[in-house]
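The values are calculated or read from the model by the stated rules, or taken from the named source; none is laboratory data. Bear in mind the structure is a predicted one, so any value in this text is a computation, not a measurement. Here Cβ is always computed from backbone atoms with ideal geometry, including for glycine, and neighbour counts include all displayed protein chains. Just so you know, the surface numbers come from the protein's heavy atoms only, side chains and all, with ligands and any DNA or RNA stripped out. Shrake-Rupley method; radii C 1.70, N 1.55, O 1.52, S 1.80 Å.
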Amino acid sequence: MAAPSLLNWRRVSSFTGPVPRARHGHRAVAIRELMIIFGGGNEGIADELHVYNTVTNQWFLPAVRGDIPPGCAAHGFVCDGTRILVFGGMVEYGRYSNELYELQASRWLWKKVKPHPPSSGLPPCPRLGHSFSLYGNKCYLFGGLANESEDSNNNVPRYLNDFYELELQHGSGVVGWSIPVTKGIVPSPRESHTAVIYCKRDSGSPKMYVFGGMCGARLDDLWQLDLGCTSLVDGFHIRGKILRLHLMIVNGDVPVHFLT
């Protein structure tokens, strides 16, 4: 058996350009050699779009235009080709969003998009800490944390376990929200969980996996949703130190490092 390859972490310290200030609750995606970071919090909500070029080791602030969104934290952030979608998040203490924005990164053009509401039921309420996962031409929204109070200074938390599907148009724009009919036991309400979608190559239907999160206490349960037939399967419990790592990554409390 061949010896396993050695993976080497190193801190990136030699770069140029305007470095983002310290923050947590931000999100990042990669488009080719660019790492694009938006939002997060540190004594207020950050509203800048920062980009790091991994080839030139340079940070820069692109000249964005259009319907520039307010800063947000703990938001949904997905990348589809060269467009990025931002949904929800905290825009100030106690005030959450359910707005949807699209960024065309090839032109650094922001656009506020207004999906059609579900044919039955209400669109997603303002929230933070939700999962927002892309598969094909659809995004899947699950859970999060809402504020029951109309007074942002009087936060009354409500954990969510609702599930929405957002259909995208090709290249730009969206169609609308829908509420898939699911069967099985629904996961308990939660925020700051993780969700990924996986499909075996050339076989089977895509499945979404949801792990952990918060609902007054940290959670360690794993759930599977078959997106082909929208059935929920209760998973298993994973205990130990991995939960702390999971929460650190979700909240963004990790400095910029690269794995080489």
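If you take the charge dipole of the range 1-141 about its Cα centre, with +1 on Lys and Arg Cβ and -1 on Asp and Glu Cβ, which of Tyr93, Gly39, Phe77 is farthest toward its positive end?
Phe77
Under a Cβ-Cβ cut-off of 15 Å, what is the net charge of the residues other than Gly144 that fall near it, where Lys and Arg count +1 and Asp and Glu count -1?
Values: positive: Arg27, Arg95, Arg127, Arg158, Arg190; negative: Glu99, Glu148, Asp162, Glu191.
Within the 15 Å Cβ shell, the charges total +1.
Determine the alpha carbon to alpha carbon distance for each of Lys111/Lys200; Lys138/Lys183; Lys112/Lys183; Lys138/Lys207; Lys112/Lys200 and list only those over 23 Å. Don't jump to the answer; show the numbers that get you there.
Details: Lys111/Lys200 34 Å; Lys138/Lys183 20 Å; Lys112/Lys183 33 Å; Lys138/Lys207 13 Å; Lys112/Lys200 34 Å.
Correct reply: Lys111/Lys200; Lys112/Lys183; Lys112/Lys200.
Enter the accessible area of Glu33 (Å², nearest 10), with the probe set to 1.4 Å and all protein chains included.
70 Å²
Using the heavy atoms of the protein chains alone and a 1.4 angstrom probe, what is the accessible area of the range 27-227 per residue in square angstrom? Provide the component values of the computation, followed by the final result.
Working: 9480 Å² over 201 residues.
For the range 27-227, the per-residue accessible area is 47 Å².
Output the Kirkwood hydrodynamic radius of the range 83-197, Cα pairs only, in Å rounded to one decimal. Walk me through the numbers on the way to the answer.
Details: mean 1/r = 0.0670 Å⁻¹.
Radius from the Kirkwood sum: 14.9 Å.
Once you wrap a convex hull around the alpha carbon atoms of the chain, what is its projected area averaged over all directions, in nm²? Intermediate values should be presented prior to the final figure.
Working: hull surface 66.5 nm².
Answer in nm², one decimal: 16.6.
Among Ser119, Ser178, what's the order by accessible area (1.4 angstrom probe), most exposed first? Could the numbers behind the result be given before it?
Details: Ser119 130, Ser178 40 Å².
Most to least solvent-accessible, the answer reads Ser119, Ser178.
Please give the calculated 222 nm ellipticity per residue for the chain, where each DSSP H segment of at least 4 residues contributes -39500 (n - 2.57) and the sum is spread over every residue; nearest 500 deg cm²/dmol? Each step should come with its number before you reach the end.
Numbers: 1 runs with 10 residues, N = 260.
Calculated at 222 nm, the ellipticity per residue is -1000 deg cm²/dmol.
For Arg218, Arg32, Arg190, Arg21, give me the order by solvent-accessible area with a 1.4 Å probe, most accessible first, ignoring ligands, DNA and RNA. Please list the in-between numbers first.
Values: Arg218 160, Arg32 195, Arg190 0, Arg21 100 Å².
Ranking Arg218, Arg32, Arg190, Arg21 by accessible area, largest first, yields Arg32, Arg218, Arg21, Arg190.
About the Cα centre of the chain, what is the dipole size in debye to 20, counting +1 per Lys and Arg Cβ and -1 per Asp and Glu Cβ, all else neutral? Display every interim value, and only then the final one.
Working: 25 positive and 22 negative charges, 139 e Å.
I would put it at about 660 debye.
Quantify, in whole percent, the carbon and sulfur part of the accessible surface of the range 27-227 (1.4 Å probe; protein heavy atoms only). Spell out each step's value before the answer.
On the way: 4710 of 9480 Å².
Heavy-atom surface of the range 27-227 belonging to carbon and sulfur, 1.4 Å probe: 50 percent.
Over the heavy atoms of Lys111, what accessible area does a 1.4 Å probe trace out, to the nearest 10 Å²?
Looks like 100 Å² after rounding.
Could you work out the local net charge near Lys112, counting Lys and Arg as +1, Asp and Glu as -1, over the other residues with Cβ closer than 11 Å to its Cβ? Each step should come with its number before you reach the end.
Working: positive: Lys111, Lys114; negative: Asp67, Glu99, Glu102.
Once positives and negatives cancel, what remains is -1.
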